[in-house]
Amino acid sequence: MGEREYDASSYAPPAEVEEMELPHPKGFFGKYVWSQDAKVIAVQYGLTATAIGLVALVLSLLMRLQLGFPNSLSLIDPGSYLQYVTMHGMIMVVYLLTAIFLGGFGNYLIPLMCGARDMVFPYLNMLSYWIYLASVLILVAGFFVAGGSTGAGWTLYPPQAISPGTPGVDTGIVLMLVSLAVFIVGFTMGGLNYVVTVLQARTRGMTLMRLPLTVWGIFMATVMALLAFPALFVAVLMMLMDRLIGTSFFMPEMLSMGESSDHRGGSPLLFQHLFWFFGHPEVYIVALPAFGIVSDLIATHARKNIFGYRMMVWAIIIIGALSFVVWAHHMYVSGMSPYFGFLFATTTLIIAVPTAIKVYNWVLTLWRGNIRLTLPMLFAIGFLFTFVNGGLSGLFLGNVTVDVPLSDTYFVVGHFHMVMAVAPILVIFGAIYHWYPKITGRMLDETLGKVHFWITFLGTYVIYYPMHFMGLEGVPRRYYAYGETTFISDSVQSLNAVITVAAFIVALAQLLFLFNLAWSYFRGREAGSNPWQATTLEWQTPHTPPRHGNFGKALPIVYRWPYDYSVPGVKQDFIPQNVPPEAVERESDTRRGGER
Amino acid sequence: MAIALIMLATGSVLFYFLSPWQLTPLASNWGAIDRTISISFWVTGVVFVAVTLFMVVALLRYRDRGQRRAHYEPENKRLELWLTAITTLGIAALLAPGLFVWGDFVRVPDDAHEVEVVGQQWHWSFRFPGEDGAFGAARNGLVDDANPYGLVADDPHGRDDILVETPRVLLPVDRPVKLILRSKDVLHNFKVAPFRAKMDAIPGQHTYFWFTPTRTGEFEAVCAELCGIAHFAMRARVEVVEPETFDDWLGEQPTFAELAGRQADPEAGAEQFATCVSCHGPRGGGRQENDAPRLAGLNSDYVARQLRNFRMGARGEREADRFGQQMRPFAISLEDQQVENLAAYIETLPVEPTPTTIIGDARRGKALYRSCANCHGAAGLGRTAFRAPRLAGMNDWYLVRQLQHFRAGIRGRHPRDAYGNQMVDMAQILVDDAAVRDVVAHINRLAEPAMAEGREPEE
């Protein structure tokens, strides 16, 4: 592949690309509030997602408090515990992870990495953020209405979600459903934008196979989200109708508070199929951007091309496609036809092959690299370790027979937090440490960052690894208290206390990170335009932070793939994508120049 | 970094071998499930260690020390193919045994006997098919207090169905059993950890799983699918016994026809009640000086259950419960039919106002009561379907004492007192005596409108 990159005949002839007529914003509000600049929108997404994520973090601490030290706060009763469970899960999965990867990193990186001036539809992009903000506010309103937010679990399974006996059945669940519907509307606007921008607005020479893996990951995740979210949208609307006007999409003939309800003929299982038809791709909607970003972090900081680029791209595509045919592995013990188990166990384990290939290629990229243990690299390695762990425990749960005793236990909690919470969050941190210098022009503080990394990485491992063993013993999840359950050994309580302490320490470490973000914004070391000596286009902008329009007068022209690190015979250990072959400084040139 | 990874990997592997938290001892035929779990542990364990060690070596050998450059190698088709092939093999090794076991899981043996498990917020009940070996049809829409299983009255198969309404079921050892699950309201999941198998119960359809209990003993069943606020307290007991014991027990359980024909006679109960008057008062109003609580207002279901509990030693069995112990001899003197008659009579007693003796913060109590309302009703009138007795208008000093007893496990810890078990769990939300008084102060307030109306207001 390296050879081909230097074949001059394969490029589009260099041509001057005029600066588009961008509506340059005026004034503070135009620049930072009603902004149509993808980079500003990205930061807005990021800050909103972080804020709501902190709420979810506090909720998780309240849960941990109850589990580790039962009944120490009379504020936490069985109902409010379930409300914390529900809101924590939904916020983290949808309003934090989905929003920050696609709305945050997608907005910031797609135009810059593709060599575009902005998203293709800037106005729609702005609208997408404000609608997202509205969905967050509707969600948060649930905390303040009578009866509180819904406590149905983030999976919102009917009939329970809209039946008395579940907290928030009056208003909380309605707000949750409306908020999700609004979120999906907002996301669809943003998502279409990302897809069209990647397909239509790449600069000259930026072929699909020269896109950084970050863009590939975000692109594929967005395509998936555009296909998966409608299933949730439909489910949400149907449940709203069941709740508000008494239809029976998901509600069968049943009792409600001991009395016969008016519902007839609905199917609770139908909701589960719709939910997981969205829910499983959702896992990869979060994971694929993380996969992409971490590939770029590893390549840049190991000064080595990503190993098997084409295989990595195909793995992303195959994982994306396969993830639509595995959803029912969340439903092995749901009471669906057990014969589905054969099909879904097989598809689920097949998806492990492309995923394993990605892991191999990451570690093979490290092999014979020149590894700089920078903060982004630390987080990338933390991700690798955590992801391997969480991925392997997924092989237990995907294998239908093994899943039967482990489902609905803490094994599941441990697994999905490893693979879908800690692993992507470590990537988000790594990515922030990596791109913060581009976004603000300043470096984040290294010492604070290291403390933050080690506490987060080791702490989360202490939290989640032992949970697998609690699950092995059969400890059920979503339990407010365990009382005198005979098959649960007494030591589980001590273990829960240890986990709770670890959770509080990890949570405190996040304050350090927030402090670092704020402090470095004013006092951080000046970064320069390309502090990591990276090849991709966002580091080649004329201004740091990049201004509206990104690339100044002329758009860059791309001559090579994004991983020309440590190319033999070249003087520097990286060649930016927009450096034409004739401008590459070769070792022989310098020798001729007599510098050595 | 490398050191940390080594320590984590070693720690993880050691944790696997040394962890005190392992699979519960198996009590069913599903040893094959345990074997697939071990295979998974070994295969994934090897991969985990290999990948981690590879990273560690890479980190040690290829760290940037400012002297060398990274190797340039975009692809290596052979290596990638090999890795893909090996991974595929490993995955197949995990999947194949699992699928074979699943084949057994799906196919129920012909000689399995059938037991229906019915889930309901927040308790379990059971049904056996009776002599004809077939279950009668049932529908949730037919469920009421007189027909808790919702059986279709004119289905002949249903007449001999044996109904086990308490959340305690016996199963014969070494005989395959097919559990057929359904739910009256929301999703539930019947899980007994040592049996390994489990399945959701769904309203409006039947689900199933099967297993063979392989050793005798008592096992706890829990609900493993979120079903509302008392999800964590939804338990049952499964006792695996010798076939003879099982047959005897099953013979004692009533059939649908017997239950329908069973009539309690309140007038006969009135005669029995003469004994109760000396402590509980002539109209069952309760007497604090005798530590005898009000009975008037309680429904027959609750009274009968408590009398049976006293009789079998599931209540009042602890020394700390002095007044409960006093109650036991009276209950023991009663026969089955007398218990039913007496309970039916008590249900007819008029509810009169009780004096307030407890002072507490009713506002705080109101917040605490939210959890209670799910079973006992927002107005505190109790709900038979939830086996929850009336609270409003009962003696407040008695409520305080019982709540304290539940909190301390003096009442409700007995394995046969299933609903008492639930109250032990729920009472933990009252973190101190003040909380107990607060919630009772709120219940006192409920009594006022409840007295006037005599029925539960719209929520």
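No value in this document is a laboratory result; all are computed from the given coordinates. Please read all numbers here as calculations on a predicted model, not as lab measurements. Positions of Cβ are generated from backbone atoms using ideal geometry, with glycine treated the same way; all protein chains shown enter the neighbour counts.
Per-structure values
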| item | result |
| --- | --- |
| When each of A:K31/A:K571; A:K26/A:K553; A:K450/A:K553; A:K31/A:K450; A:K450/B:K77 is checked by Cα-Cα distance, pairs over 31 Å | A:K31/A:K571; A:K450/A:K553; A:K31/A:K450; A:K450/B:K77 |
| Debye log10 I(q)/I(0) for the stretch A:133-196, one point scatterer per Cα, at q = 0.12, 0.18, 0.22 Å⁻¹ | -0.34, -0.63, -0.81 |
| q = 0.15 Å⁻¹, the stretch B:113-261: log10 I(q)/I(0) [Debye, one scatterer per Cα] | -0.73 |
| Test item: B:182-194 mean partner chain Cβ contacts at 10 Å | 6 |
| Neighbour net charge for A:R372 - beta-carbon separation under 9 angstrom, K R +1, D E -1 | +1 |
| Cα centroid of the stretch A:54-72 to Cα centroid of the stretch B:1-34, whole Å | 27 |
| Computed P(r) (all Cα pairs; the stretch B:263-352; 10 Å bins; percent) | 19, 54, 26, 1 |
| Sparsely packed trypsin sites (Lys or Arg not before Pro) within the stretch B:250-336, loop by DSSP, other Cβ within 10 Å at most 15 | B:R262, B:R283 |
| Along principal axes, Cα extents of the stretch B:139-221, largest first, whole Å | 38, 27, 19 |
| Equivalent-ellipsoid semi-axes of chain A, from the Cα gyration tensor, Å, largest first | 43, 26, 23 |
| Of all DSSP beta bridges in the stretch B:113-261, antiparallel share, percent nearest 5 | 70 |
| B:K184, B:K77 arranged by Cβ crowding within 10 Å, fewest neighbours leading | B:K77, B:K184 |
| Local electrostatic count, A:D37, Cβ distance below 12 Å [Lys/Arg +1, Asp/Glu -1] | +3 |
| Shielding by partners, peptide A:144-150 (average Cβ within 10 angstrom, other chains) | 0 |
| Whole-Å distance, taken between Cα centres, linking the stretch A:180-243 and the stretch B:227-269 | 55 |
| All lysines inside 21 Å of B:K184 as judged from Cα atoms, apart from same-chain residues fewer than 8 positions distant | B:K198 |
| Contact order normalised by residue count of chain A, Cα under 8 Å, 6+ apart, percent | 17 |
| Kirkwood Rh and Cα Rg combined as Rg/Rh, the protein assembly as shown | 1.03 |
| Pairwise label distance in nanometres, B:R35 with B:V13, each label 7 Å out on the Cα-Cβ vector | 2.6 |
| Cβ crowding within 10 Å averaged over residues, with A:458-470, A:80-92 ranked highest first | A:80-92, A:458-470 |
| GluC sites (Glu not before Pro) within the stretch B:292-395, DSSP loop, no more than 11 other Cβ atoms inside 10 Å | B:E319, B:E335 |
| Ranked by how many other beta carbons lie within 10 Å on average, peptides A:369-379, A:205-215 from highest | A:369-379, A:205-215 |
| Along chain A, longest interval not containing exposed GluC sites (Glu not before Pro), exposed being DSSP loop plus at most 11 other Cβ atoms within 10 Å | A:22-594 |
| Listed peptides A:143-150, B:245-252, B:95-102 by packing density, highest first (mean Cβ within 10 Å) | B:95-102, A:143-150, B:245-252 |
| For B:19-32, mean number of other protein chain Cβ atoms within 10 Å | 4 |
| Rel. contact order, % - alpha carbon contacts under 8 angstrom, at least six apart, the stretch B:183-318 | 13 |
| Computed over the stretch B:293-411, Kirkwood Rh from alpha-carbon pairs, angstrom | 15.3 |
